[in-house]
Amino acid sequence: MFKIYIDTTSRYEKSVILFKDGQEVTRVEGDIDIVASISRVLEENKLSLEDISEIEPNPGPGSFTGIKIGIVIANVLNWISGKKDLEELADPFYGGEPNIQF
């Protein structure tokens, strides 16, 4: 069983990790494009989205915008591929109020 874990909680250090039966197979890290990295990991391992049982995001805490991006990517891919119902989608954990300056 394959699973993808994405971590976007840090603004400049993101990661996409492919697991097979709990063991890490491939890791992509850095200031990366998450969707392009997921696509590359799938292609390099000759997999399709249908081969992945779940895409799990790190819910936080961390970068407010980063968490939102990771949660949205994971939720959209899990939902459109039929892996999760709307009630099962991930919720973000921001760890505090956003720091919005005017």
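Brief remarks on what is shown
- The test for being surrounded by 12 or more Cβ atoms within 10 Å (Cβ to Cβ) and touching a residue at least 24 places away in the same chain (Cβ under 8 Å) holds for residue 67.
- Output for region 33-53, where each listed residue is crowded, with 17+ Cβ neighbours inside 10 Å and either farther than 17 Å from residue 74 by Cβ or out of contact with any Phe, Trp or Tyr (no Cβ under 7 Å at 6 or more places or on another chain) (or both): 34, 37, 38, 41, 42
- Selection from region 80-93 of residues that are within 23 Å of residue 61 (Cα to Cα) and out of contact with any strand residue (DSSP E or B) (no Cβ under 8 Å at 6 or more places or on another chain): 86, 87, 88, 89, 91, 92, 93
- Single match in 65, 26 (criterion: assigned to a strand (DSSP E or B) and more than 13 Å from the chain's Cα centre (by Cα)): 26
- Region 1-16 - residue that is assigned to a strand (DSSP E or B) and farther than 20 Å from residue 68 by Cβ and, of those, nearest to the chain's Cα centre (by Cα): 3
- Taking the numbered list (1) within 15 Å of residue 1 (Cα to Cα); (2) surrounded by 12 or more Cβ atoms within 10 Å (Cβ to Cβ); (3) modelled with pLDDT of 95 or more; (4) of a type in the set (Lys, Arg) in turn, residue 83 passes all entries but (3).
The values are calculated or read from the model by the stated rules, or taken from the named source; none is laboratory data. Computed from a prediction, not measured in an experiment: that's the story for all the values here. Because the Cβ atoms are built from the backbone with ideal geometry, glycine has one as well, and the counts that use them run over all protein chains shown.
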